There are 2 protein chains.
Amino acid sequence: MTIRPTVSLRIAQVSPLYESVPPKLYGGTERVVSYITEELVELGHDVTLFASGDSVTSAHLVPCTPKALRLDTGCVDQIAHHFVMLDKVFECVQRDEFDVVHFHIDYFHFPLSRVHGIPHLTTLHGRLDLPDLPPLYRRYSDMPVVSISKAQRKPLPFANWIGNVYHGLPENGLKPGTGEGKYLAFLGRISPEKRVDRAIEIALKSGMKLKIAAKIDRVDREYFETEIKHLLNQPGIEYIGEIREDQKAEFLGNAAAYIFPIDWPEPFGLTVIEAAACGTPTLAFRCGSVPEIVFHGVSGLIVDTVDEGVAHMERLVTMDRAAVRRVFETRFTGSRMAQDYVNLYESIVNAHPAAAQVPAAGATALDTYLSL
Amino acid sequence: MTIRPTVSLRIAQVSPLYESVPPKLYGGTERVVSYITEELVELGHDVTLFASGDSVTSAHLVPCTPKALRLDTGCVDQIAHHFVMLDKVFECVQRDEFDVVHFHIDYFHFPLSRVHGIPHLTTLHGRLDLPDLPPLYRRYSDMPVVSISKAQRKPLPFANWIGNVYHGLPENGLKPGTGEGKYLAFLGRISPEKRVDRAIEIALKSGMKLKIAAKIDRVDREYFETEIKHLLNQPGIEYIGEIREDQKAEFLGNAAAYIFPIDWPEPFGLTVIEAAACGTPTLAFRCGSVPEIVFHGVSGLIVDTVDEGVAHMERLVTMDRAAVRRVFETRFTGSRMAQDYVNLYESIVNAHPAAAQVPAAGATALDTYLSL
């Protein structure tokens, strides 16, 4: 247990520029950056956020592009804007404005962070099982990185993992619901790896209603038309399109259960803890981070097949919703996430040759965090 | 006029990894990198080429990925491989292995090149009229860049242009043809900005045959189906698909004229000088680099409208093919291109604080090159 020092840290948060912080619509990474940033400010730290200019934050905002790139139809070269941001970040670094820099932009800063030798860390938000990444992370195996689940690390065991920090949500955001809508809920995207077809099959076989709230990206349009559309015309299956952030509480809270039938190494799965915040148990397929974020028998059930999901339906929809919510409150709140990161920041600052800001009493060896 | 010093330079060429050097199929940038590299070796310089591992060169090859990324179907994150390459380049830089580093990878190295303060230059191969680029080039306005036409510079007048070097081709590559096929030739891609529809209209109105050798990228498939396909069923219009490098000499050399009816700010237009190497005059629309690479009345004709093109057809197809070839030989050979770059390298090396390799007698102020 680290004793938190009373001094506040000067922390930079460096967000991707694809969505604003928080995003106006979809956008998992930028939403998590927003949660971290606001919680750190709440804890009394001096936080600077590098993000798109339409971001909204209680930290100091350094706008790195006028608006979020994904909504900017004139934008062709998204990476160019990230190189502008890098220059702004390291301009501040050279003026010694931060005790630690927390990057959320994958590897884009690695060459510069290494040259400057600053105290920094990078949360890797995406899937890491791409064949392109091992050569990169072998080359940059000195760069301190943080996983969002232990499963996410598997393809890159040689990266310099300094910790694992599960995502968290504001404790007073999503409120517990009653589940009285008595339907299964599917939330997210229609795409091959999300396997909404499995959700439909389970609902039909177990006689449950299914409500599907999902967007369809352009790349998935053909998949939707050929594989999914005809499945939606069956009794009890309702496709309601994409929903807004402020509609989530009702959609998830009224569901008897959330269904997460994924077929890819999901690095985290934010919707699962959103469901838990609403007291809604999750039926999830064993894949990626699932065994780490669904507590089998408490916050949901983990299965390997459609038939197993059908067989467990009665048990699933009668789970104790208060117990599901408690899993959220004890493990997946934003304040827990922020405190995990503060612990990492302190260990990094104290391990850094130029460390001076944080009292030695608060120092903790990096080793402690390797076992996190 | 710079007097070329007798010492050889240690030069790094840093190529994109999308295609091999030279490319197996399409790929303008990597092909030009190959021409520069081979000509520099021929001139007696010590050249190291950073490129994909399936590249073929007489320089020292540092393979940065096993094979060209565009042909590697497993590749998802192309940029990751370029970050591996950057690390390899700067590892050598730190061992002081090069007098000058010549980048062809846009801005990817700017942050690192600035920190390391090495003698370097970057040839910008692409279109620069994207709204994303001015903020970047204002931030990195100290980075020495080379244009491939003066027209290319227009959107970024504030960049640090140290020279303009037109592309060149090996003098003994494409041989002069006779033009006896008596057709108009169109070569490249079917896409909205290439305006093959204009080529078809001009051919029909002037009673000429037209042969179209072009690939269709996936993104242009719909454009082809809806806008172009039905135009190909007209008398005298022949679509022959994509052709290989070794088929170009015959295709261009047998053509009465090459037609280049572009509708975008083409930064260079390699096919125009390929046609000239074959002695084939070009009918080009006034756009981007065209007035710099087509010598109106000598190597081709420049027009603004389809009707103007039709009106000039008789003059075009009776132009002196030997004169066209002479334009190529005097202005667009690979050896001229390589010598232009050597002049730039020498000025950069001599202007660099640590300059020691090149005798002062060969020194030329950067200013000289600003007017190139």
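Taking Cα atoms of the stretch B:19-65, Rg/Rh with Kirkwood Rh, to two decimals? Don't skip to the answer; put the middle values down first.
Details: Rg = 9.9 Å, Rh = 10.4 Å.
With Rh from the inverse mean 1/r over Cα pairs, Rg/Rh is 0.95.
Which residues, if any, in the stretch A:59-92 lose at least 30 square angstrom of accessible heavy-atom surface (probe 1.4 Å) when the other protein chains sit next to their chain rather than the chain being alone?
At a threshold of 30 Å² (probe 1.4 Å), the residues of the stretch A:59-92 that become less exposed are A:76, A:77, A:79, A:80, A:81, A:83, A:84, A:87.
Using the Cα atoms of the stretch A:53-117 to build a convex hull, what is its mean projected area in square nanometres?
Details: hull surface 20.1 nm².
Here the figure is 5.0 nm², rounded to one decimal.
Taking the Cα centroid of the stretch A:280-355 and of the stretch B:260-326, what is the distance between the two, rounded to the nearest whole Å?
66
Give me a single rounded figure for A:127-136: the average over its residues of other chain Cβ atoms within 10 Å of their Cβ.
Mean number of neighbouring Cβ atoms from other chains: 5.
Which one, B:208, B:82, A:261, is farthest towards the positive end of the dipole of the protein assembly as shown when Lys and Arg carry +1 and Asp and Glu -1 on their Cβ?
Going by the charge dipole, the pick is B:208.
Run through the other copies and list how far each one's label point is from that of residue B:217, in nm with one decimal, shortest first; the point sits 7 Å from Cα along Cα-Cβ.
Result for residue B:217, in nm, nearest copy first: 2.0.
Give me the inter-chain shielding for A:197-206: mean count of other chain Cβ atoms within 10 Å, whole number please.
On the way: counts 0, 0, 0, 0, 0, 0, 0, 0, 0, 0.
Other-chain Cβ atoms within 10 Å of each residue's Cβ, averaged: 0.
Please report, in whole Å, how far the alpha carbons of chain A spread along each principal axis, starting with the longest.
In descending order, the Cα extents are 64, 48, 38 Å.
Under unit Cβ charges (Lys, Arg +1; Asp, Glu -1), what dipole magnitude, rounded to 20 debye, does the protein assembly as shown have relative to its Cα centre?
On the way: 74 positive and 92 negative charges, 89 e Å.
Using Cβ point charges on Lys, Arg, Asp and Glu, the protein assembly as shown gives about 420 debye.
Please give me the summed charge of the neighbours of residue B:80: other residues whose Cβ is under 9 Å from its Cβ, Lys and Arg +1, Asp and Glu -1.
Value of the local net charge: -3.
Where the eigenvalues come from the Cα gyration tensor of the stretch A:97-215, what are the semi-axes √(5λ) of the equivalent ellipsoid, largest first, in whole Å? Write out the running numbers ahead of the final one.
Values: eigenvalues 297, 73, 24 Å².
Semi-axis lengths for the stretch A:97-215 are 39, 19, 11 Å.
Cα centroids of the stretch A:150-168 and the stretch B:132-188: how far apart, whole angstrom?
That distance is 45 Å.
With respect to the axis carrying B onto A, what is the closest chain B residue by Cβ position, and how many angstrom separate it from the axis?
Nearest Cβ to that rotation axis, in whole Å: B:115, 2.
Suppose every Lys and Arg Cβ carries +1 and every Asp and Glu Cβ carries -1, with no other charges. What dipole size does chain A come out with about its Cα centre, to the nearest 20 debye? Mind showing how you got there, number by number?
Details: 37 positive and 46 negative charges, 94 e Å.
Computed about the Cα centre, the dipole is about 440 debye.
Could you check how much of the accessible area of chain A is carbon and sulfur, as a whole percent, using a 1.4 Å probe?
Numbers: 7730 of 14900 Å².
Ligands and nucleic acids excluded, carbon and sulfur give 52 percent.
Do you know the relative contact order of chain A, to the nearest whole percent, from alpha carbon pairs under 8 angstrom that are 6+ apart?
Values: 737 pairs, mean separation 59.8, N = 372.
Once divided by the residue count of chain A, the mean separation gives 16 percent.
Note the buried accessible area between B and A here, summed over both chains, with a 1.4 Å probe, in Å² to the nearest 100.
On the way: alone 16180 and 16180 Å², together 29800 Å².
Approximately 2600 Å², summed over both chains.
Rounding to the nearest 10 and keeping the result within 0 to 90°, find how far the Cα-based axis of helix B:196-206 lies from the longest principal axis of chain B.
40
Only sites in a loop by DSSP and with at most 15 other Cβ atoms within 10 Å count here; which trypsin sites (Lys or Arg not before Pro) in the stretch B:95-135 make the cut?
Numbers: sites: B:95, B:114, B:127; in loops: B:95, B:127.
Passing both the DSSP loop test and the Cβ count: B:95.
If you line up the long axis of helix B:321-331 against the longest principal axis of chain B, both from Cα atoms, how many degrees apart are they, to the nearest 10?
So the inclination is approximately 20 degrees.
Please report the net charge: other residues with Cβ closer than 13 Å to the Cβ of residue B:310, K and R +1, D and E -1. Could you put the intermediate results ahead of the total?
Details: positive: B:198, B:205, B:315; negative: B:201, B:304, B:307, B:308, B:314.
Neighbour charge sum, excluding residue B:310 itself: -2.
For helix B:78-94, report the angle its Cα long axis makes with the longest principal axis of the Cα atoms of chain B; keep it between 0 and 90° and round to the nearest 10°.
Helix B:78-94 sits at roughly 40 degrees to that axis.
I need the inter-copy label distances for residue B:96: point set 7 Å along Cα to C-beta, values in nm with one decimal, smallest first.
Spacings between copies for this position, smallest first, are 3.1 nm.
Using only atoms on other chains, find how many Cβ atoms lie within 10 Å of each Cβ of peptide A:220-233 and report the average.
Average neighbour count from other chains, rounded to a whole number: 0.
For residue A:229, what is the net charge nearby, where nearby means another residue's Cβ is under 13 Å from its Cβ and Lys, Arg count +1, Asp, Glu -1? Before the final figure, lay out the partial values.
Working: positive: A:221; negative: A:197, A:220, A:222, A:225, A:227.
Within the 13 Å Cβ shell, the charges total -4.
Based on the Cβ-Cβ distance from residue A:244 to residue A:314, what FRET efficiency comes out when R0 is 35 Å, to the nearest 0.05?
Details: r = 33 Å, r/R0 = 0.93.
For R0 = 35 Å, the calculated efficiency reads 0.60.
At 222 nm, what value in deg cm²/dmol follows for chain A if DSSP H runs of at least 4 each add -39500 (n - 2.57) and the sum is divided by all its residues, to the nearest 500?
Working: 13 runs with 120 residues, N = 372.
Per the formula, -9000 deg cm²/dmol.
Could you state the orientation-averaged shadow area of the convex hull built on the Cα atoms of the stretch B:262-323, in nm² to one decimal?
Working: hull surface 14.9 nm².
Averaged projected area of the stretch B:262-323's Cα convex hull equals 3.7 nm².
To one decimal in nm, how far is residue B:67 from the same spot in the other copies, if labels go 7 Å from Cα toward Cβ? Please give the shortest first.
Nearest to farthest, the other copies are at 4.4 nm.
The values are calculated or read from the model by the stated rules, or taken from the named source; none is laboratory data. Since the structure is predicted, the reported quantities are computational estimates derived from the model, not experimental observations. Here the Cβ is made from the backbone with ideal geometry for all residues, glycine too, and neighbour counts use every protein chain on show. Remember, those area values only see protein heavy atoms, side chains included, never the ligands or the DNA or RNA. Shrake-Rupley method; radii C 1.70, N 1.55, O 1.52, S 1.80 Å.
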